[in-house]
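**Q** My questions all concern the structure below.
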Amino acid sequence: MADDKGEGKELELDGKGKSKKMIIIIAAVVILAVGGGAAYFFLAGDDAVSQEQLDAELDGDSASEGEAVESVSASTGSALYVPMPRPFRFNVPGAARDRFVEIRVQLLVRGADNEEAAKKHVPLIESTLLATFSQSNADDLATSAGKTSLKQKSLVEVHKIMKEVEGSNVVEKVLFTGFVMQ
């Protein structure tokens, strides 16, 4: 009888051991699948999003603006970024109450000549951006579309002032690198 009971315990242990092995194997497969999916999302997903964003920007721009950006990027060189020395801090009116806004800005320029021109005229650009920003509304700035609109208005105003001073647009894009609204 003692032998019968010993064999039963061995069989029970084998059954538990097999189920533990199966759980470990399933967990390993799930972890590998999730890791592979995450790697694909981060590596391949960025290309798809970037292309979609580029297509959306080109569809939203008028033909003349698209040609201007294309000619600037093709003819003048590599992308350089000119940071504004201080963040822009200002109050904007809202429907319920006034809001305090802080925006950090960098300018995308092409080529060393445009970089030097932008750096040379930083006070003028800051003044233009602050005037444009202070005309905005808190309710508009609370939305993504409102922020995009503000960037476009800022770019148009910077183009106007740089055209007057330098004879060319100089700045390709106004980039918000920080945006806080309280």
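**Q** Residues that are modelled with pLDDT of 50 or more and in a strand (DSSP E or B): does the range 61-79 have at least one?
**A** Yes, because at least one residue in the range 61-79 is modelled with pLDDT of 50 or more and in a strand (DSSP E or B).
**Q** Taking the conditions exactly as written (in a helix (DSSP H, G or I), open to solvent by less than 70 Å² (accessible area, probe 1.4 Å) and among the hydrophobic types (A, V, I, L, M, F, W, C)), does VAL174 satisfy them or not?
**A** no
**Q** Give me the residue from the range 80-115 that is in contact with a helix residue (DSSP H, G or I) (Cβ under 8 Å, 6 or more places away or on another chain) and of a type in the set (Gly, Ala, Ser) and, out of that set, modelled with the highest pLDDT.
**A** Among residues in the range 80-115 that are in contact with a helix residue (DSSP H, G or I) (Cβ under 8 Å, 6 or more places away or on another chain) and of a type in the set (Gly, Ala, Ser), the one modelled with the highest pLDDT is GLY111.
**Q** Taking the residues in the range 117-138 that are open to solvent by 30 Å² or more (accessible area, probe 1.4 Å), touching a strand residue (DSSP E or B) at 6+ places or on another chain (Cβ under 9 Å) and part of a helix (DSSP H, G or I) as candidates, determine which candidate is modelled with the lowest pLDDT.
**A** Taking the candidates together, the pick is SER134.
The values are calculated or read from the model by the stated rules, or taken from the named source; none is laboratory data. Just so it is clear, the structure is predicted and the values come from calculations on it, not from any experiment. All Cβ positions, even for glycine, are placed from backbone atoms using ideal geometry, and neighbour counts span all protein chains on display. Keep in mind that these areas ignore ligands, DNA and RNA; they rest on the heavy atoms of the full protein, side chains included. Shrake-Rupley method; radii C 1.70, N 1.55, O 1.52, S 1.80 Å.
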